[in-house]
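What follows is a single structure, written as structure tokens, with notes after it.
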Amino acid sequence: MRRTLITGGTRGIGYAVAARLLRRGDRVAITGTSADGVVRAERALADGCGDPGRVLGLECDVRDRGSVHLALQTVVARFG
């Protein structure tokens, strides 16, 4: 099972890629800059794949090195 981190995964192409990877059985972390958007996308993706444990939504600003570092640490802690 692969683990994938998708920046901008709360909508558009990033969301579609996340949904497809989840259908394949992967574990997927998505990021977005809006906390509300992250929560909505995470819930929808979890409902779509039927296994909330395979989806992780994170608020992250990729322009901020500290934010990216924290997101990576969180993904590794959750998915290995």
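Assorted remarks:
- The chain, accessible surface, carbon-and-sulfur percent (1.4 angstrom probe): 51 percent
- Farthest towards the positive end of the charge dipole of the chain, among the residues LEU56, ALA46, MET1, is the Cα of MET1, using unit charges on the Cβ of Lys, Arg, Asp and Glu.
- Size of charge dipole - the stretch 1-77 - debye, nearest 20, with Cβ of Lys, Arg +1 and Asp, Glu -1, no other charges: 340 debye
- Calculated [θ] (222 nm, deg cm²/dmol) that DSSP helices of n ≥ 4 give over the chain, each run adding -39,500 (n - 2.57): -17500 deg cm²/dmol
- Under the membrane-span-like helix rule (DSSP H runs whose alpha carbons stretch at least 20 Å along the helix axis, mean Kyte-Doolittle hydropathy 0.0 or higher), the chain yields 35-49, 65-79.
- Cβ crowding within 10 Å averaged over residues, with 22-28, 46-52 ranked highest first: 22-28, 46-52
- The stretch between ARG40 and ILE13 holds 8.1 nm of extra length on full extension. This uses 0.36 nm per residue minus the Cα-Cα distance.
- Solvent exposure of the chain amounts to 62 Å² per residue of accessible area, where only protein heavy atoms count and the probe is 1.4 Å.
The values are calculated or read from the model by the stated rules, or taken from the named source; none is laboratory data. Bear in mind the structure is a predicted one, so any value in this text is a computation, not a measurement. Please note: Cβ atoms are built from the backbone with ideal geometry, for glycine as well, and neighbour counts cover all protein chains shown. Protein only, heavy atoms only, side chains kept; ligands, DNA and RNA dropped before computing areas. Shrake-Rupley method; radii C 1.70, N 1.55, O 1.52, S 1.80 Å.
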